[in-house]
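Since every read-out is calculated from the coordinates, none of them should be taken as a lab result. Please read all numbers here as calculations on a predicted model, not as lab measurements. Ideal geometry is used to build each Cβ from the backbone, glycine not excepted, and the neighbour counts take in all protein chains shown.
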Amino acid sequence: MTLTLIGLSHHVAPVELRERVTLDLPAATALAGSLGDAICLSTCNRTELYFEGVDERRAVSALQQLAGEPLDGVLYRLHEDAAALHLFRVAAGLDSLVPGEGEILGQVRDAYEAAQPGALLDRVFRQALGVGKRVRSETAIGESPASVSSAAGALAAQVFGDLAGRRVMLIGAGRIGELAAANLASRGAQIAYIANRTVDTAHELAHRFGGDALALADIASRLGDVDVVVSSTSAPETVVQAGDVPAKRRTPLFFIDIAVPRDLDSAIAKLDGCFLYDIDDLEAVVAETLSGRRSEAARAEQLVAEEAERFRSWRASLDVVPAIASLRARAEEIRSAELAKVDGRMTADERRTLESVTAQILNKLLHLPTVRMKEAAVSSDGAAYADAVRHLFGLDEENKR
Amino acid sequence: MVEVFFWPALLGYGEAALAYATVRTSRAATWGVPLGWLAQTALLTAQAVRSDGFPWSTWAGSLNLFVWFVVGAYLIWGCRPRFRLLGLSVMPLAVALFVVARIGGGTGAGGSSHYGNLFLILHVGLALAAFAGFTLAAGLAGLYLWVERRLKRRSADILRLRLPPLASLERLTWRTILVSLPLLTLALVIGIVRQQRDGGRFDALEAVTLLTWLVYGAFLVFRPTGRRAAYFALGGFVLVIVARLALAGSHFT
């Protein structure tokens, strides 16, 4: 029973190669199923096969078939504790391009739930999911935004708290602006207006987000009606002037300017109750939070190492489990046989008492040897202890008989 | 015997004041605050049991009770890791005032006043509870201004600091004053009724407290927002400091 991992990831394989071996969930599940007791984890950054009792050459060949070329230089192969540690780091987001990203944990869960793993894979994947959750709850590694669009959403939440019901105006149809709007919407904000030079494009986005389309000329008249403005046009001139912002507002107005050249008048930042972040500010926030993620990653690595040690102990304890089971079975057999000898000479009450007393004696006698064998297993003496127990109690001879 | 509860309370508050210094240790602070507060509750209970009358009518005694109200209000509103900076301002203040209360003899047994118990419990208790609420509101307003300034300046570390949102701080400041002002109103009414009945001069403390009531009343009526609301709350707190620290000693003598 050996846990093996064969795979390639963004650390060693270029995107041209990764995209050839990337599989969607049904295809990944089918590939794993065709190999035997295996789980295939395939994302845009990695394709990895975890298996037990499968010929390694078959797994390598399956991946090479997908790649259409030999993968000698890029495939990594890990076994047992090393494979488990790798999976734990993957689930914790520590092996990701952006440390601590949360999507990978869901992908590990999907791969696990789609497969029908044996006992070893089941155990290691369940533990990996637990490690992923533990790292996210006990460290702040996943709390900070890792992209400009998510930073925009997080900053808006820093101003307004819960974004549910907050109204957003999206100016322009730039890709990053659209992503920022999507991030705000995912936090509960309502995309109220989409303004664009080409009104048809505005209508198209408005249809997707559920807001109203506007011409650029109508922006100023609607600024009093929104809480967040996200701008990402390619206009060479300023789209919103400080004078366009309504002077009397009871709630803050948060401006996100992702355009280069900038769309929003920098004087807006000086207005009372207005906050203005441009692309450089957002990138600085992302860089800062990523450095925070790296320091949290060190704490996460400690948690992962603890869990890997727990897995190693569990694996080691498996060496002595058969010996412990045989010992207990042998003792129970003797107890039952001795009880049978006096069966007809006791009342039902006496029989029950004797059964209870002998069972307690047996448990107390075997408790310490069981604990000691498990401890020895963890410190790598397990096999020797197990052999000694088999020899002392004649368990092998018993089996032969 | 009574003072045996002083040390665990001080230890809890002190632990919280230190633990709030860093983000990593701030979780531990959220334990020190309730444990310290429970110990101080035991101290106050022991004082009440041992005393013939109202045990907190002295300047130092009322400071002891005031600390209990401040920490109690903080426990209700802000004792969370995300409000670390609020804790960092409230808990060292609580420690300092608590120590001053002990030096002044306000944490021992035996103190009492010739004033009627019920009057003092209501008048002093309500006024101190209101002042404690205004203190917490000032802490929230100060934190609002600090966060707002960092957002205005576009500080790159704004998200790393894991600060409470501006809207939450503004809402909590408003709610704290909304709860505290009726308590002060009741305290004033009880004090005025008593003064009308027994006679006595209108002193400086009453004048400043009345002014405080007017400032916070205006806050609730006009409901300022943003920075203005924070300045309003801090302005009212200056009057609380004057009432609490500069004038309180003369009121019951």
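Here are a few things to note about the model shown:
- Working ranking of peptides A:236-245, B:174-183 by packing, defined as the average number of other Cβ atoms within 10 Å per residue, highest first, is B:174-183, A:236-245.
- Dipole of the protein assembly as shown, positive direction: furthest Cα of B:VAL240, A:SER147, A:PRO322, with charges on the beta-carbon: B:VAL240
- Estimated dipole of the range A:1-141 in Debye, rounded to 20 [Cβ of Lys and Arg +1, of Asp and Glu -1, Cα centre]: 260
- A simple count of charges around A:THR139, restricted to other residues whose Cβ falls under 15 Å of its Cβ and scoring Lys, Arg +1 and Asp, Glu -1, yields +4.
- Chain B, relative contact order in percent, only Cα pairs under 8 angstrom and at least six apart counted: 20
- Distance from the Cα centroid of the range A:1-50 to that of the range A:282-308 is 26 Å (rounded to whole angstrom).
- Here the calculated FRET efficiency for B:ASP157 and A:SER61, from their Cβ-Cβ distance with R0 = 56 Å, stands at 0.65, rounded to the nearest 0.05.
- Across chain A, the relative contact order, built from alpha-carbon pairs under 8 Å that are at least six residues apart, equals 12 percent.
- Reach of A:LYS374 by Cα under 21 Å, taken over lysines that are not fewer than 8 positions away in the same chain: A:LYS364
- Take the Cα of A:GLN241, go 7 Å toward its beta carbon, and the backbone nitrogen atoms of the range A:249-283 under 15 Å from that spot belong to A:264-268.
- For the pair B:ILE103 and B:VAL193, label points projected 7 Å from Cα toward Cβ lie 3.9 nm apart.
- Note on A:GLU301 and A:SER186: the extension gain reaches 38.4 nm, defined as 0.36 nm multiplied by sequence separation minus the Cα-Cα distance.
- Within the range A:123-155, backbone nitrogen closer than 13 Å to the virtual label 7 Å beyond the Cα of A:SER313 toward Cβ: none
- C-alpha center-to-center spacing [the range B:49-67, the range A:139-164] in angstrom: 47
- For chain A, the longest principal axis of the C-alpha atoms and the axis of helix A:175-186 are separated by about 60°.
- Amide H within-cut-off set for A:LEU214, under 5 Å, with H built and near neighbours excluded: A:ILE194, A:ALA195, A:ASN196
- Computed about its Cα centre, the charge dipole of the range A:98-188 is approximately 140 debye, with only Lys, Arg, Asp and Glu carrying charge at their Cβ.
- Estimated D of the range A:258-401 in µm² per second, where Rh is the Kirkwood radius over Cα pairs and Stokes-Einstein applies at 20 °C, 1.002 mPa s: 99
- Stretch gain in nm, segment B:ARG171-B:LEU220, where the contour uses 0.36 nm per residue and the Cα spacing is subtracted: 16.4 nm
- Neighbours of A:LEU8, meaning other residues whose beta-carbon lies under 13 angstrom from its beta-carbon, give a summed charge of -2 when Lys and Arg score +1 and Asp and Glu score -1.
- For chain B, the longest principal axis of the alpha carbon atoms and the long axis of helix B:26-50 meet at an angle near 0°.
- Percent breakdown of C-alpha pair distances by 5 Å bin, ordered from the shortest bin, for chain B: 1, 6, 13, 17, 17, 16, 13, 8, 4, 2, 1, 0, 0
- Cα centre as origin, Lys/Arg/Asp/Glu Cβ charges: the range A:1-48 dipole, Debye: 60
- Note on B:THR41/A:GLU69: beta-carbon distance plugged into 1/(1 + (r/R0)^6) with R0 of 60 Å gives a FRET efficiency of 0.25.
- Averaged over B:226-233, number of beta-carbon atoms from partner chains that fall within 10 Å: 1
- Between the Cα long axis of helix A:103-114 and the first principal axis of chain A there is an angle of about 40°, rounded to the nearest 10.
- Net length gained if the chain between A:ASP110 and A:THR251 were fully extended (0.36 nm per residue, minus Cα distance): 46.5 nm
- Of the trypsin sites (Lys or Arg not before Pro) found in the range A:202-255, the ones in coil according to DSSP and having at most 15 other Cβ atoms within 10 Å of their Cβ are A:LYS248, A:ARG250.
- Separation of the A:LEU97 and A:LEU25 label points, Cα + 7 Å toward Cβ, nm: 2.2
- A simple spin-label model places the labels of A:LYS364 and A:MET1 3.3 nm from each other, with each point 7 Å out along Cα-to-Cβ.
- Radius 13 Å from Cβ of A:SER232, net charge of other residues (Lys, Arg +1; Asp, Glu -1): -1
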